[in-house]
């Protein structure tokens, strides 16, 4: 494993067994533990968006207790009662959605597990904090026609960032990789000779190789030649910010997509995730191969595919048509 990969995606557990911290964990305050946990998230390469979300959820929790509230007092009853309090409507009768509450549950479960596994507390107080079943609205798929309109709009815009943005959004459209997976790609992750992209920061910290179609490869080559003069050493992030040279943040990528989406006159309900859903839809329609689709999307089994497609819907429609056509 390369040094750059360890720096970007290291998910090794951090414990205090080698330090003196475990000996003083008993007297640690909840706020101190939260500060250490947020530092841990940064150290293991969690995304800025994840760290920021966890920070907000944990800040809401610590704001309800005294400054020196001990971490050891974080019990199962405490967390259950805290989550129950979040369900109470506010002054104007608004309630937090279960999707929002699940985001809090995810944060507190992850924090409690870390505190337990790192030896800061003798038990995991979040074991009874179960996720709620939520029927999330499906992300709409972007169609091939919409992709063409978007990329044509970018290509003929005259925008100074058009080449980078066309390469980025074509990568989403033709690989089906997740939003953050594309944004964390390094130039070294693209192998022009093998026509592949190596996703080092996949979900669950898995590493996988993604094939690059010829039209995408030609565009990536064009983008790299634009960035680096002949003979220059190519290094850094594949889709960088023009000013800082750092990887685009999810917020920056979303802003660019919304910009081009409006200029192309596409549906306002589309998001960057729509590229992944569109990729899955087109690939399934062409192959009907769930195992191939699962591998293409970076899943370990076929069950998560149901978030993107409903494999049985068309078969059911045809069966009904045959059964009742007479």
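Only the coordinates and a few stated rules stand behind these numbers; no lab work does. Just so we're clear, the structure is a prediction, and the values are computed from it rather than from any experiment. With ideal geometry, Cβ positions are generated from the backbone for all residues, glycine too; neighbour counts draw on all protein chains shown.
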Listing 92, 147, 207 by rising number of other beta-carbon atoms within 10 angstrom, fewest first, gives 92, 207, 147
Note: residue 289 to residue 188 extended length (0.36 nm per residue) minus current alpha-carbon separation gives 33.3 nm
At R0 = 35 Å the Cβ-Cβ FRET efficiency linking residue 195 and residue 48, nearest 0.05, sits at 0.70
Two pseudo-spin positions, 7 Å from Cα along C-beta at residue 259 and at residue 75, lie apart in nanometres by 5.4 nm
Using alpha-carbon positions, the gyration tensor of the stretch 108-147 gives root eigenvalues a ≥ b ≥ c; with a/c under 1.5 called rounded, otherwise prolate if a/b exceeds b/c, else oblate, the class is oblate
Honestly the stretch 22-93 on the Cα gyration tensor test (a ≥ b ≥ c root eigenvalues; a/c under 1.5 rounded, otherwise a/b vs b/c for prolate or oblate) is just oblate
Listed with the fewest Cβ neighbours within 10 Å leading, 40, 172 appear as 40, 172
Going fewest to most other Cβ atoms within 10 Å around each Cβ, 181, 193 line up as 193, 181
Length gained, residue 35-residue 94, 0.36 nm per residue minus C-alpha separation, equals 18.2 nm
Taking 0.36 nm per residue of separation between residue 230 and residue 206 and subtracting their Cα-Cα distance, the length gained on full extension comes to 5.3 nm
Protection proxy (average C-beta count within 10 Å per residue), highest first, orders 250-257, 273-280 as 273-280, 250-257
